[in-house]
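Asks: My structure is below; once you've seen it, I'll send some questions.
The values are calculated or read from the model by the stated rules, or taken from the named source; none is laboratory data. Note that the structure is a prediction, hence the values are computed from the model and not measured. Here the Cβ positions follow ideal geometry from the backbone for every residue, glycine too, while neighbour counts run over all protein chains shown. In case anyone asks, the SASA skips ligands and DNA or RNA and just uses the protein heavy atoms, side chains included. Shrake-Rupley method; radii C 1.70, N 1.55, O 1.52, S 1.80 Å.
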Amino acid sequence: MDTNSVGIALDAVRPYLFNYLVEQGVVTEANATMKDQFICPNPDHADTAPSAKILANGLKGYCHGCHSTFDIFHINHWLNNVPIAGFGFITNNLMPLCEKYKIDFELGELSEEDKFKLDSYRAVRAAEDWMSSQLWSDSLKEYIEARGLDIETCQKLGIYVVPNYVRFYSYLKEMFSNVFLREVGFAKEGMFSPSSIVFVIRDHNGTPVGFVSRDIEHEEKKAQWEEGGRRGAPPRKY
């Protein structure tokens with residue numbers, strides 16, 4: 001199977017997030033605009049006041065109350081109890097939405113390697129979604145501004161931050177097992193530290209496939225490591 005066809009299908013379905021929220025009654029006719037906030041659909045969040053909103057690109061939403069980042073597939077998972085990861089995500093979540101919105105997609109036969117690759121793509125995409133809604137610290141903001149960039153430009157280029165690794169990992173853990181997350185590299189806390197700027201790596205189709213990060217506090221950490229007798233592994237710049 002051409003796994004790129006899954007990426008194409010994912011990209012084709014995601015813009016229907018707002019339509020799906022209206023169809024499912026999450027967004028009512030009274031507040032049916034993409035700019036209005038609505039009650040968070042996360043079943044683990046007892047939202048008593050509208051805390052969720054659609055982000056500017058229309059592909060995902062964010063809740064200020066529970067800090068959840070979500071797309072149409074999360075909504076389908078929360079409301080209809082369909083899988084958010086694994087092979088079941090393709091057959092019970094993605095494919096029905098493709099059918100609903102008349103998006104051509106044929107699954108074909110999947111090997112175990114294909115299934116692992118699809119989960120990997122999904123994990124990287126989910127991680128980028130989460131990072132794209134996070135606030136930058138003053139030190140990281142100053143770092144990019146000194147190089148002639150701003151946050152908006154960085155996000156367009158796929159450059160993000162992870163202000164809280166525990167929250168970041170917990171978000172991914174809702175969809176994927178610890179074993180899988182370790183295998184694909186998300187257990188590397190140093191790579192996603194609050195002092196790091198994270199760059200998305202994309203393949204020739206523009207699909208996010210991985211990350212590399214730059215720790216702006218590397219020199220300071222290296223000096224502390226040397227002063228401390230060089231105990232343990234040296235801090236990594238990238």
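Asks: Accessible area per residue of the chain at 1.4 Å probe, in Å²? Numbers along the way, then the final one.
Replies: Values: 12600 Å² over 238 residues.
In whole numbers, the chain has 53 Å² accessible per residue.
Asks: In a GNM of the chain with a 10 Å cut-off on Cα contacts, which of Gly210, Gly108, Gly58 has the highest mean-square fluctuation?
Replies: Comparing Gly210, Gly108, Gly58 in a Gaussian network model of the chain, the most mobile one is Gly108.
Asks: Sticking with this one: Any chance you could check the Cα centroid distance between region 70-85 and region 202-232 for me, in angstrom?
Replies: 33
Asks: Quick check: at a probe of 1.4 Å, how many percent of the accessible area of the chain sits on carbon and sulfur atoms?
Replies: Working: 6240 of 12600 Å².
Accessible surface attributable to carbon and sulfur in the chain totals 50 percent.
Asks: Compute the Cα gyration tensor for region 1-118, then decide on rounded, prolate or oblate, letting a ≥ b ≥ c be the square roots of its eigenvalues: rounded whenever a/c is under 1.5, prolate when a/b is larger than b/c in the other cases, and oblate in all that remain. Walk me through the numbers before you get to the answer.
Replies: Working: a/c = 2.41, a/b = 1.90, b/c = 1.27.
The shape class here is prolate.
Asks: Using helices alone, I'd like the mean residue ellipticity at 222 nm for the chain: each DSSP H run of four-plus residues gives -39500 (n - 2.57), total over residue count, nearest 500. If you can, show how the numbers build up before the last one.
Replies: Details: 10 runs with 93 residues, N = 238.
Mean residue ellipticity, 222 nm, calculated: -11000 deg cm²/dmol.
Asks: Cα gyration tensor of region 20-75, axes a ≥ b ≥ c as square roots of the eigenvalues: rounded (a/c below 1.5), prolate (a/b > b/c) or oblate? Kindly include the intermediate steps, with their values, before the conclusion.
Replies: Details: a/c = 1.34, a/b = 1.14, b/c = 1.18.
Rounded.
Asks: Shape of region 150-237 from its Cα gyration tensor (a ≥ b ≥ c, root eigenvalues): rounded if a/c is under 1.5, otherwise prolate when a/b > b/c, or oblate? All intermediate terms of the calculation are to be shown ahead of the outcome.
Replies: Numbers: a/c = 2.10, a/b = 1.38, b/c = 1.52.
The shape class here is oblate.
Asks: Go through Lys35/Lys100; Lys141/Lys173; Lys100/Lys173; Lys156/Lys221; Lys188/Lys221 and tell me which ones have a Cα-Cα distance over 20 Å in this structure. The partial results should precede the final answer.
Replies: On the way: Lys35/Lys100 25 Å; Lys141/Lys173 28 Å; Lys100/Lys173 28 Å; Lys156/Lys221 30 Å; Lys188/Lys221 17 Å.
The answer is Lys35/Lys100; Lys141/Lys173; Lys100/Lys173; Lys156/Lys221.
Asks: Of Phe168, Ser111, Pro43, whose Cα points farthest to the positive end of the dipole of the chain (charges on the beta-carbon: +1 Lys, Arg; -1 Asp, Glu; origin at the Cα centre)?
Replies: Looking along the dipole axis, the top candidate is Phe168.
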